[in-house]
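One structure is given below, encoded as structure tokens.
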Amino acid sequence: MTSSIVSSPRFSLISFLTSLLSLVFAISVSSNPGVFNVKYRYPRLQGSLSALKEHDDRRQLTILAGIDLPLGGTGRPDILGLYYAKIEIGTPAKSYYVQVDTGSDIMWVNCIQCKQCPRRSTLGIELTLYNVNESNSGKLVSCDEDFCYQISGGPLSGCKANMSCPYLEIYGDGSSTAGYFVQDIVQYDSVAGDLKTKTANGSVIFGCGARQSGDLDASNEEALDGILGFGKANSSMISQLASSGRVKKIFAHCLDGRNGGGIFAIGRVVQPKVNMTPLVPNQPHYNVNMTAVQVGQEFLDIPADLFQAGDRKGAIIDSGTTLAYLPEIIYEPLVKKITSQEPALKVHIVDKDYKCFQYSGRVDEGFPNVTFHFENSVFLRVYPHDYLFPYEGMWCIGWQNSGMQSRDRRNMTLLGDLVLSNKLVLYDLENQVIGWTEYNCSSSIKVKDEGTGTVHLVGSHYISSAFPLETSLLLLSLLLLTTLLFL
């Protein structure tokens, strides 16, 4: 779940900020990419498929509200997922667990002043409230600093010297976080060689959450300390590290749909090779130009202008969405071609949205691959074992009809974990392109050190958590390649 500073009919933005400023203005100003440990939780469904649509409905609301996309999921539609990293902040360093978010434009953690913030979590982690006064390297960001001008779109009314820079994030599901910006040292492990790391750090400006509501407040049982943003804006963590020369604005993830882990690396991936397609300009999300849809050997008859119309041009690549949503003009013939492969199938509607059927054979032999084609001759192939998932003795189709969504979401093309799992997805914000390739996400990749030209091996690391697998918790590593030693 991510956001930008936006207004909402639920809030009077001016009165809220006035109240917030009264809180934060009272506080005076004081004074190589790397490796993060990343937890992964995926609670299994409790007898209903409705949780899948509820999860994706909330995700689509954040997209419509101008809110960006989180990194999560295993590519298995029968489970819901969330990736979160353990990072170290401050001097002396303290540990914080933050959701890994590929689109969020700020990083924030809950702070000591917060009264509505969660104090405990059922994820088996210890939550920590950040206190800038307890860190020798921490300082408040003043409202008259350039960072505050940029993120606020200009000078703040009522700003005076030594007053803090406030933030307000309102999410599409009604949740919100508000507080003020601070600057401190974020510690992580840099890649020191093939599958070797050592400690590194960088100074990052991030939000200090003073007020939370909705799913972010104390009522959330699976709470985290905050969000780690990897969005496109200059305020994101990756942009800040890139501006200081520590990293390139290039990252990749590989979600292991079979074993429930994967790789998240910042740096220029040189192996495997990835074919790239342009990102659609002037879009807040990872939109790409889709050109055709193929089922088996046949191409669907789709109007040429289908992917050219509307403000949300192109197809959205979203690793935070569990399923895949297609316009009705694609969905209906696609599902018809899939089910027609086995004429004897009896299709049942489950939970109003899912077409399910009984089938005793091997799905990869009985049903066709689905291939999406994009600009620059890039394609994304989805196998039957990816778009079909088992449920109560049946196989259910993961494709969803976005033509049946609410008006604003109608006929949106949104490709989630259903199609992204078991693929290395590379985001190159330096050149505004994105690409992917089929890959074994439990193996390793090669990333280039821009400072020396050295290529390092980066692998998927699994570390057992305090819970057995039955509680659906795994730990892996979020890997970044840093050039800190060469600055």
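General observations
- Beta bridges by DSSP in the stretch 268-459, antiparallel share as percent, to the nearest 5: 90 percent
- The stretch 268-459 - percent relative contact order, Cα under 8 Å, separation 6 or more: 30 percent
- Nearest-0.05 FRET efficiency for A292 and E134, computed from C-beta distance (R0 41 Å): 0.15
- Full-stretch length increase - F299, D353 - with 0.36 nm per residue and alpha-carbon distance subtracted: 16.9 nm
- Distance violations [Cα-Cα > 19 Å] among K160/K232; K248/K448; K86/K423; K352/K423; K232/K448: K160/K232; K86/K423; K352/K423; K232/K448
- Other-chain or far-sequence residues with amide H under 5 Å of V100's (modelled H): Y83, Y84, A85, L228
The numbers here are math on the coordinates, done by the rules we state, and not lab data. Computed from a prediction, not measured in an experiment: that's the story for all the values here. Cβ: placed from backbone, ideal geometry, glycine included. Neighbour counts: every protein chain shown.
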